[in-house]
Amino acid sequence: MAINLQKGQRISLTKESPGLTQVMCGLGWDVQQGGGLFGLFKNTPDFDLDASIICLSQGDRFVNKQDLVYYANLRHASGAIVHLGDNLTGEGQGDDEQILVNLAKIPNSIVKLVFTVNIYKCRERKQDFGQVKNAFVRLVNSKNQQEVARYNLSGSEYQGMTGLILAELERREQDWGMTAVGKGINVDGLGELVALYQRSR
């Protein structure tokens, strides 16, 4: 049975799902009409959310541009992380975007995977996460398709935010753990989001 995580909660994947090595991270959301950063939008046909993984080294630092897996770089050089493609609308049931992760193949230099979502051209289109509802991130065992953990985000606290740090997978010795983060940030695109991990934090 999947664990429903609360904001800030961490679980051990090794403990909760022994032998887990291959996971699918599914991210989903719905776009509601109206609201937004400027309160002017009635329709949002071009509301495009982009899911990404930022791979961090010791000290939570992003040091290599190849360690960013997103719509323009769908596969990590190690083959350990594969993004299955960009959903431009958020329409439909279930996962809007999926990312496959082989924990056993992740290079030792990478100790944390940060799962993020940002709004493409958010300032130009005057859009923010106040227009997003039912956002979630879930982790599924790829071998048996069983959901291991899920984190459902509350949309009310993200008004005016244009990026979300959803969750983290962190390696501690031989144990991988998942932490529900749910932190909203105000950034103009993925570049500014990644920059948060390129300087001292």
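Close amide H contacts of Ala167 (hydrogens built in the peptide plane, cut-off under 5 Å, sequence separation of 5 or more or a different chain): Phe115, Val181, Gly182. Estimated from the Cβ-Cβ distance and a Förster radius of 22 angstrom, the FRET efficiency linking Gln146 and Gln6 is about 0.60. Determine which residues of region 150-186 fall in the zone a paramagnetic label at Thr14 would reach in this model, i.e. backbone nitrogen under 11 Å from the point 7 Å along Cα→Cβ. Residues passing the 11 Å test: 171-177.
Rounded to the nearest 0.05, what FRET efficiency is calculated for Arg61 and Lys121 with R0 set to 22 Å and r the Cβ-Cβ distance? Could you put the intermediate results ahead of the total?
On the way: r = 28 Å, r/R0 = 1.26.
Plugging the Cβ-Cβ distance into 1/(1 + (r/R0)^6) gives 0.20.
Here, region 92-201 has an Rg and a Dmax of 15.1, 44 Å when only alpha carbons are counted.
Estimated at 0.36 nm per residue, the fully extended path between Val82 and Leu100 surpasses their Cα-Cα distance by 6.0 nm.
A simple charge model with +1 on the Cβ of Lys and Arg, -1 on the Cβ of Asp and Glu and nothing else charged puts the dipole of region 3-195 at about 340 debye relative to its Cα centre.
From the residues Phe62, Leu74, Thr162, which one has its Cα farthest along the dipole of region 3-195 in the positive direction, the dipole being from +1 and -1 charges on Cβ of Lys/Arg and Asp/Glu about the Cα centre? Of the listed residues, the answer is Phe62.
DSSP loop (so not H, G, I, E, B), at most 15 other Cβ within 10 Å: list which GluC sites (Glu not before Pro) in region 82-174 pass both filters.
Glu91, Glu173
Straight Cα distances below 21 angstrom link Lys105 to the lysines Lys15, Lys65, Lys143, with same-chain residues fewer than 8 positions distant left out.
Every number here is computed from the coordinates shown, using simple stated rules; none is lab data. Computed from a predicted model, the values in this text were never measured in an experiment. Backbone-built Cβ (ideal geometry, glycine too); neighbour counts: all protein chains shown.
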